[in-house]
Every structure is written in C-alpha cells, then in structure tokens.
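The values are calculated or read from the model by the stated rules, or taken from the named source; none is laboratory data. Keep in mind the model is a prediction, meaning the values are calculated, not measured. Virtual Cβ from ideal backbone geometry, glycine too; neighbours counted across all protein chains shown.
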Amino acid sequence: MSQDVKVCVLFGFGINCDRETAAVFEMVGGSPERLHVNRLVQGERELSEFDILAVPGGFSFGDHLGSGRLLGNRLRFALREQLQRFVTDGKPIIGICNGFQALVKTGLLPGPQSASVEPDLVQRASLTLNNTGRYEDRWVTLEFDPLSPCIWTKGMQRIECPVRHGEGRFVTPTSEDLDELQGSHQLTVRYVDPITSAGEGIQDELLPFPISPNGSMRNIAGICDATGLVFGLMPHPEAFYNMWLHPEHTSMDIGEDWEGEGLQIFRNAIEYVRGQR
C-alpha cells in the first residue's frame, strides 16, 4: 500500500504517546512524522506540509494550569492561522487524551456551530477533574453516534478502549450548549454500559463509576467539530491496535483476526484523505 498520506504527530513538552500514535498511522498505510512543537512555532516547518494532524496524549507542560492548557495556548497563539487554514482546507485533526484537552482549550473543539464558518479558536467547553477525585486507568466500553459527521468514526458502532487520565470530565457552561452539540450529532462517542446491546447503549443520564470513569456530562467520551474533521476523545484507541493488548485476550479466540478495534479510527482518516484526492 502506498504511504502517501503525510501525518504530523506532535511531540515535546511532556507529550508521551507520540511513538504509539505514529505507529498506528503507519500500520494503516499512512506516512507519519513525529515533529516537535517548536519546529512549527519557530517557523522551521509548516502544517501545510501535512494531510493529517495528530495531537497525542501525555502530560504536556506537566499539566500546569490544567491539563492541555499550556499546549492549547501555544497552539492557539503561535499557530492560529495555520490551524484555521488546516481545517478550512479540509484536513483532519485528532486529539487523544491530553491532545483532546489541548484541542478543547484551543477552541478547535467543539468549534462554531456552522461547518461553513472558519474556526474562531474560542473556548466553549472544558475537561476538568474526574469526579472520583483521582487518576483513572482502566478499560471502558464506547459507543459511536452513527449520525455524527465525524470522518474518524464512520462505520463504527462499539469498541472497548483504555482510559488513563485525571481530568477527563467534559463540561460546558450550560445544558443548552450540550443540546446544540447533541442536535448536530457532535457528541460523537460516549461511555456505555457493556451489558447493553450494541447500538442501544447511548444515554444522557450519568452512568455510575466505573462505566463512566470520570463523570463526564452525558457520558461524553469524545466530540467532533461541525465539519466532522476535528475529533477529540479521552480514551486511547492507539493503545488497542492489537487484540493481544486486551486485558481478557487469553480467553478470546483471536486466531488470524489480530487487529484491535481502535485501529479503525486511524484507517478512516487515511481513507478519507485518499478519497478527497
């Protein structure tokens, strides 16, 4: 398979999931490059060189002033025009865990209500402390909105995935803000009870811990912007690229079907970019 889709995977300042993120993009046929944030900030490189931007997980800037806050500010103020042009040019962006926190704090997520409006980088939501009051590291069950415009989750219904975060509770100023996001199907992925049938797990009422590991409003695990190009989620799909990584893999009949459920998210983006050419 030709590796013609160039993926910028940011690293530096405490980002620590960049190698795994680059690896999964390569596994699905992309051509990833790990690029230090400062090379973009200082003008040595430009986002326009790439087809996809990935902001991986980690503890950027030590999570000082809040998870993703300083990285979000660095991106918003130093790369503002490049980020806006990246989205208006129809190029996908993903933020995972700390990367999701950064995208929310840049204002790229959830972004303006209309897909035809240029990203204004105004913060409209936040990710704050888990309601357990501690860092959570566990596997969860996720379900996707089939009507979401998100290009990253097309054709996906339900997966299991690990989470590892201390500030994963998604909040907005008002419930009306969530109503708008839900109405436009931007609440792309939610935590669900694994005993429910696939396709029937999504609900607005807060699920108990540990089904919802953080108390996120309406059990939100990830959202997209109105264009469907920008996607962020707290769980780590790059950490489930192989079925042998599942905590119950010894009781599973894996056989030749070794691919982990999280890999499809990255494949969707690669296929989307190729389909636009």
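Among the residues of region 88-116, write down those that are assigned to a helix (DSSP H, G or I) and among the basic types (Lys, Arg).
Passing the criteria: only LYS105.
If you go through region 172-190 and keep only what is within 15 Å of SER126 (Cβ to Cβ) and surrounded by 15 or more Cβ atoms within 10 Å (Cβ to Cβ), you end up with THR172, ASP177, LEU178, LEU181. If I filter region 206-213 for residues that are surrounded by fewer than 22 Cβ atoms within 10 Å (Cβ to Cβ), within 21 Å of the chain's Cα centre (by Cα) and under 23 Å from PRO149 (Cα atoms), do I get at least one hit? No: zero hits. Among the residues of region 163-181, what is the count of those that are farther than 19 Å from LEU108 by Cβ and without any contact (Cβ under 8 Å) to a residue 60 or more places away in the chain? Going through region 163-181 one residue at a time, the tally reaches 5. Return yes or no: is PRO208 out of contact with any Leu (no Cβ under 7 Å at 6 or more places or on another chain), without any contact (Cβ under 8 Å) to a residue 60 or more places away in the chain and not aromatic (Phe, Trp, Tyr)? Answer is yes for this residue.
Figure legend. Inter-residue proximity from region 66-82: first residues more than 14 Å from ASN38 (Cβ to Cβ) and charged (D, E, K, R), second residues assigned to a helix (DSSP H, G or I) and at pLDDT below 85, beta-carbon distance below 9 Å, spacing 6+ or different chains. Indicated pairs: ARG69/PHE61; ARG69/ASP63.
Checked against the criteria, ILE223 does not count as crowded, with 20+ Cβ neighbours inside 10 Å, farther than 15 Å from GLY95 by Cβ and among the β-branched types (Val, Ile, Thr).
Remark: pairs (first residue in region 16-40, more than 16 Å from GLY95 (Cα to Cα) and in contact (Cβ under 8 Å) with a residue 24 or more places away in the chain; second residue aliphatic (A, V, I, L, M) and assigned to a loop (DSSP other than H, G, I, E, B); Cβ separation under 8 Å; 6+ apart in sequence or on different chains) = GLY29/MET1; GLY29/VAL5; GLY30/VAL5; SER31/VAL5; LEU40/LEU79.
The set of residues in region 83-114 being crowded, with 20+ Cβ neighbours inside 10 Å, without any contact (Cβ under 8 Å) to a residue 40 or more places away in the chain and farther than 19 Å from PRO235 by Cα consists of LEU83, PHE86, THR106, GLY107. Taking region 239-277 as the search range and keeping residues that are in a helix (DSSP H, G or I) and among the aromatic types (Phe, Trp, Tyr), which one is farthest from the chain's Cα centre (by Cα)? Checked region 239-277; the qualifying residue farthest from the chain's Cα centre (by Cα) is TRP244. Of all the criteria given as (1) β-branched (Val, Ile, Thr); (2) in contact with a Leu (Cβ under 7 Å, 6 or more places away or on another chain); (3) assigned to a loop (DSSP other than H, G, I, E, B), the one not satisfied by ILE223 is (3).
For ARG190, the conditions (1) of a type in the set (Lys, Arg); (2) part of a loop (DSSP other than H, G, I, E, B); (3) within 17 Å of GLY228 (Cα to Cα) all hold with the exception of (2).
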